[in-house]
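Down below is the structure, laid out as structure tokens.
Here, each number is a calculation from the coordinates, and none is a lab measurement. Worth saying up front: this structure is predicted, and the values here are computed from it rather than measured. As a convention, Cβ positions derive from the backbone with ideal geometry for all residues, glycine included, and neighbour counts pool all protein chains shown.
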Amino acid sequence: MRFFQTLASLTGTVVTPLMLFFASAGILSETGVRTVLDLRPLFAGRKETKQGPSPLAALSLALAGTLGVGNITGVTSALIMGGPGAVFWMWAGAVAVIPVKYAEVLLAVRFRKRKKTESFSKRETGSVWTGGAMYYIRDGLGMVCTSPKGKRAAGKLACFFAVLCAANALVTGNLVQSNAAVSLLPAGHRGLWGLCIVCIVSLSVYSGTARIERITARLMPVLSAFYIFVSAAAIAAHSAMIPGILYSIVTSAFTFRAAGAGVSAFTVREAVRFGVMRGIFSNEAGCGTSPTAHASADTDSEHRQALLGVCEVIFDTLILCTLTTLVLLTADAEAGIVPWHSEADAALVSMEAFCLTAGRTAACGIRISAVLFAYASIIAQIYYGTTAVRFLTESKNAERAFLALSALTPMIGAYISSGVMWLTADLLLGVMTALNCSVLLILRGTLRKRPLPDSSLPH
């Protein structure tokens, strides 16, 4: 266990931040800052083809895989383990990965394929756009590596990433979500709550991917609006504390920060590790999972869909994670509720913070919303995992086996140790991010090979 803890620490502190930095710098050198941050093309007209979910529906599916548990328990976990400074590095990481998110979504749309699909119940058939990081790893690298040996190596690397993506859907996308959801429900009935989640997830899996897209498109706007409203109201009621909290976040990012009665301290290393890794867990930028959702969009512009990916990072980390942070640190300033440098249940700590700052009624609403967020994340990640399995094999039995395992995993999540769970999630995300960013660096020269559809807009 100590070996894996050291490996996770090294990955989160050194390897992942460096890969994200080099990938972002390389992508910006090709595209320029204006291309990545000019959001005006989002307001331009687009051609409807009715061959998949709308761009905004695809964005909702991507947000379903990122919002909720990442914004609540992920942020809380980062604060507990890394101190307030972890939030600064979460912000810094979010800004740094915007070019990475732009590039991975653009390439996912460019290299996607049209494939026939069939639901588990066989009631839903048709053809859909299918894509993701494994597709641009295989076809993008295959285009750059012209030799047969290079193309074979690209194919094997894509298959390895697809295996990681399927594993990540079960761990980060299922175990973590179901564990947090069960922790938020009344105590003493973990098995019963796990069984309930198994049932509702099974119904979604049985209904097929189109139903998953419709569920997330309707759930995410309502849940996000409610969360923003309650968090903003709680922060506004304690606005006098906010300047001091922001000062603490910035100073703690670069210095020691005593915890409790001086029992322990947080170093810059821990702040960087937990800030960066929980940031990736929250916005999924760089790890190559959410491009799978964007690739399914009915869009005539890879550039505009990539800009929606940029909006995903801004909304997820810079807005929602910041709201959670301010609620938690406000509650800690009032009542000292954060058990610094411990393996406390992050979900329970976050709910206690909302009870103190927003009141029990609002906190109850947040609790219900968080459970629904977790459900949406689980079914969105099952979509990602299913896409990865379909990339690996045409076997329907393999796909059904993965779906059955995905539906049963919440029962394991109800009982699993949070320490082991987060350690496994951090390692998976770290390896996927390092691999995906390496590929994006190699393919950065192809980002402008095609003229961007909205380049005629005035600047």
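Counting beta carbons within 10 Å around each of CYS321, CYS199, CYS355 and listing the fewest first gives the order CYS199, CYS355, CYS321. By other beta-carbon atoms within 10 Å, ranking PHE111, PHE22, PHE315, PHE373 with the fewest at the front produces PHE22, PHE315, PHE111, PHE373. Indicate the gyration tensor shape class of the range 370-445 (rounded, prolate or oblate), computed on the Cα atoms with a ≥ b ≥ c the square roots of the eigenvalues: a/c under 1.5 is rounded; otherwise a/b larger than b/c is prolate and the rest oblate. The shape class here is oblate. Specify whether the C-alpha gyration tensor of the range 80-183 places it in the rounded, prolate or oblate class, a ≥ b ≥ c being the square roots of the eigenvalues: rounded for a/c under 1.5, otherwise prolate if a/b is larger than b/c and oblate if not. Since a/c reaches 1.5 but b/c is at least a/b, the shape of the range 80-183 is classed as oblate. Between ILE200 and ILE242, the simple label model (points 7 Å from Cα in the Cβ direction) yields a spacing of 3.2 nm. Considering only Cα atoms, the convex hull volume of the range 406-448 works out to 88 Å³ per residue. When THR292, THR31, THR172, THR324 are arranged by Cβ crowding within 10 Å, least crowded first, meaning fewest neighbours, the order is THR31, THR324, THR172, THR292. Remark: spin-label model distance VAL95-ARG40 equals 2.4 nm, labels positioned 7 Å along the Cα→Cβ axis.
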